[in-house]
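Undergrad: Below is one structure. I have some questions about it.
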Amino acid sequence: SAGAYPAKQINSVAAGDAFCAGFANAILDNKPIEIAISLGAYNAASVVSHYGAKEGIVNSYPKELLNIKVEQI
């Protein structure tokens with residue numbers, strides 16, 4: 001499980017799709033499942049803070065998310 005990232009929700013369209021895209025991307029990059037869940041949640045939070053299904057999709061994640069140790073989650 002992962003906590004929610006703070007985001008002002010403007011729209012909930014594609015929140016699940018954004019989560020799945022972030023999760024799948026991390027898995028394909030051989031990240032641990034805990035990191036993949038966190039990156040999916042981060043992408044979903046970004047998308048729901050914009051209008052529409054494509055606005056807010058994360059193209060690159062902050063380094064602090066990519067380098068986090070599983071024990072810190």
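Undergrad: Of the residues that sit in region 1-39 and are in a loop (DSSP other than H, G, I, E, B) and under 16 Å from GLY52 (Cα atoms), which one is most open to solvent (accessible area, probe 1.4 Å)?
TA: Only one residue tops the list, namely LYS8.
Undergrad: Return the only residue of GLY56, GLY22 being touching a His at 6+ places or on another chain (Cβ under 6 Å) and free of Cβ contacts under 8 Å to residues at least 60 places away in the same chain.
TA: The unique qualifying residue is GLY56.
Undergrad: Related question: Could you run through region 11-52 and say how many residues are at positive phi and under 10 Å from the mean Cα position of the chain (by Cα)?
TA: Going through region 11-52 one residue at a time, the tally reaches 0.
The values are calculated or read from the model by the stated rules, or taken from the named source; none is laboratory data. Predicted model only: the values in this text are computed from it and were never measured. Cβ coordinates were reconstructed from backbone atoms using ideal geometry, including for glycine residues, and neighbour counts include every protein chain displayed. We work out accessible area using only protein heavy atoms, side chains counted, and drop any ligands, DNA or RNA first. Shrake-Rupley method; radii C 1.70, N 1.55, O 1.52, S 1.80 Å.
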